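Nothing in this text is a laboratory measurement; each read-out follows from the coordinates by a stated rule. What you see is a predicted model, and the numbers here were worked out from it, not measured in a lab. As a convention, Cβ positions derive from the backbone with ideal geometry for all residues, glycine included, and neighbour counts pool all protein chains shown.
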């Protein structure tokens, strides 16, 4: 399963970008000082040791294409290295480079120092993308997700997810040469927050300064979520943070929990767009029939509203419910989706008005919608009754979400059941909720 994208270069890119605030591969130290408005100053200290250059030499000599020799030449030329880093950072809006310096040491190592100002936290993700782009597979896969979330009580949550960087950097030859270092090389970063810290899962802390750490092995092949519970002044408006909305309202084309699932054929060509419904942070449900389009021989990806590809976790048996046409996928989600509130089956009555939302079978990023009404229920399996929907106009859909007028989630459209012509059928959200697999 997974995306059909093959990353190219990892090692130097990881130095500046594996985690949103990377530190650690081959001795990297990152220090971030944030201000209440989201701006701040970052210092990055990188040491490329003798072992690193020895392995780069091995890689350059082993590679028959010559690309690794060119990359090693760049690393050995301090002027090229400084100019390249400066250019990458300056391409990102909201930054101001103060200093970049590369120094050769007598023991054969090389030290890199970078200092720059940033306007808001999102700049740190953009810099990660820019600095690593030429060394990656150059496909917009997001493996780092940064969020600040707050509520009306002044509670502020910081959350950084680093998830399977191998999707962005997976050159097999490179991994063969460098993989022996992954288990003992660490990624660590420190943030000095401008807020009171109530609790966190940081490895070390000192007042409002928190430090997290993970191994390279975790960053490349697994995932880690770094969190901190902070307290802000309720009157302080954080434009870079998401506000928790606990209300329920009408769902619209622009305000819905839908996300695209792209399916590819054996030749890795896009052949079908499906509709995923985001049930909670990082978890969606879509149609088993869609995913099983070519009997499991194809590939798929989750496309975020920004048109970038989300990271996807491996599936387990608990994620599949083919009899009810359900597949659950865990993915990286930096965007905020409308929260799901489930409709009770006992409240559903004939004639209730509903709203259908779906992606058509095209490459469009636009969510389509249509009015409809509940026309009955049908027995499907021993455990499941389907809700029957009569759309305003005849339409053939292979997936989508149905909401009640009050904004509650009724369920997911399915093509696995064939009934009366002109009717659509919905697997109840109440049933889907009972089948949500446990978190890994």
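Would you work out the relative contact order for the chain, in percent, from Cα pairs under 8 angstrom that are 6 or more residues apart?
14 percent.
Please report 277, 32 as a ranked list, fewest other C-beta atoms within 10 angstrom at the top and most at the bottom.
Ordered by Cβ neighbours within 10 Å, fewest first: 32, 277.
Over segment 11-243, what is the mean sequence separation of C-alpha contacts under 8 Å (at least six apart), divided by residue count, expressed as relative contact order in percent?
On the way: 477 pairs, mean separation 57.5, N = 233.
Answer for segment 11-243 is 25 percent.
Cα-based Rg (one decimal) and Dmax (whole number) for segment 11-243, in Å?
Calculated on Cα positions, Rg and Dmax stand at 18.0, 60 Å.
For the chain, what is the mean residue ellipticity at 222 nm derived from helices alone (per DSSP H run of n ≥ 4: -39500 (n - 2.57); sum divided by total residues; nearest 500 deg cm²/dmol)?
Result for the chain, helices only: -5000 deg cm²/dmol.
Sketch the reach of a paramagnetic label on residue 323 as a point 7 Å from Cα along Cα-to-Cβ, and name the residues of segment 379-417 whose backbone nitrogen lies under 20 Å away.
The answer is 379-387, 412-417.
R0 = 45 Å: FRET efficiency of residue 242 with residue 420, Cβ-based, nearest 0.05?
Numbers: r = 43 Å, r/R0 = 0.95.
About 0.55, to the nearest 0.05.
For residue 57 and residue 97, FRET efficiency with R0 = 45 Å and r from the beta-carbon atoms, rounded to 0.05? Could the numbers behind the result be given before it?
Working: r = 30 Å, r/R0 = 0.67.
Taking R0 as 45 Å, the efficiency between residue 97 and residue 57 is 0.90.
Can you run the Rg to Rh ratio on segment 28-158? Use alpha carbon positions and the Kirkwood inverse-distance Rh.
Numbers: Rg = 17.5 Å, Rh = 16.8 Å.
That ratio equals 1.04.
Run through every distinct alpha carbon pair of segment 258-330 and return the Kirkwood hydrodynamic radius in angstroms, one decimal place.
Numbers: mean 1/r = 0.0809 Å⁻¹.
One over the average 1/r among Cα pairs gives 12.4 Å for segment 258-330.
For segment 87-197, state what percent of all Cα-Cα pairs lands in each successive 10 Å bin, counting from 0 Å until the bin that includes the largest distance.
With a bin width of 10 Å, the distribution comes to 10, 31, 38, 17, 3, 0.
Normalised by the number of residues in segment 345-434, what is the relative contact order in percent for Cα pairs under 8 Å and 6+ residues apart?
Averaging sequence separation for qualifying contacts and normalising by length gives 25 percent for segment 345-434.
What's the extension gain from residue 308 to residue 383 if we count 0.36 nm per residue and subtract their Cα-Cα distance?
The span from residue 308 to residue 383 would gain 23.2 nm if fully extended.
Just to compare against my own numbers: the Cα pair-distance distribution for segment 175-261, 5 Å bins, whole % per bin, please.
Going out from 0 Å in 5 Å bins, segment 175-261 shows 3, 10, 15, 13, 12, 13, 13, 11, 6, 3, 1 percent.
Can you put 79, 180, 200 in order of Cβ neighbours within 10 angstrom, beginning with the fewest?
Least crowded to most crowded, the residues run 79, 180, 200.
Can you give me the C-alpha center-to-center distance between segment 356-428 and segment 143-163, rounded to a whole angstrom?
First find each Cα centre; the distance between them is then 34 Å.
Taking only the alpha-carbon positions of segment 345-434 and ignoring solvent, what does the Debye formula give for the base-10 log of I(q)/I(0) at q = 0.14, 0.16, 0.19, 0.21 Å⁻¹?
So the normalised log intensities work out to -0.44, -0.58, -0.82, -1.01.
At 10 °C and a viscosity of 1.306 mPa s, what translational diffusion coefficient does Stokes-Einstein give for the chain, taking Rh as the Kirkwood radius over Cα pairs? Give it in µm²/s as a whole number.
Taking Rh from Cα pairs, D becomes 67 µm²/s.
Gain in length, residue 113 to residue 292, computed as 0.36 nm per residue apart minus the alpha-carbon separation, to one decimal in nm?
59.5 nm
Report the residues of segment 131-175 in range of a label on residue 87: point 7 Å along Cα→C-beta, backbone N strictly under 19 Å from it.
Inside the label zone: 131-139.
Please report 126, 198 as a ranked list, fewest other C-beta atoms within 10 angstrom at the top and most at the bottom.
Working: 126 18, 198 12.
Arranged by neighbour count, lowest to highest, 126, 198 become 198, 126.
Taking Cα atoms, how many degrees apart are the long axis of helix 50-62 and the longest axis of the chain, rounded to 10 and kept between 0 and 90?
On a 0 to 90 degree scale, this one is about 70.
Once the Cβ-Cβ distance between residue 198 and residue 350 is put in as r, and R0 is 41 Å, what FRET efficiency do you end up with, to the nearest 0.05?
Values: r = 50 Å, r/R0 = 1.22.
After rounding to 0.05, the efficiency reads 0.25.
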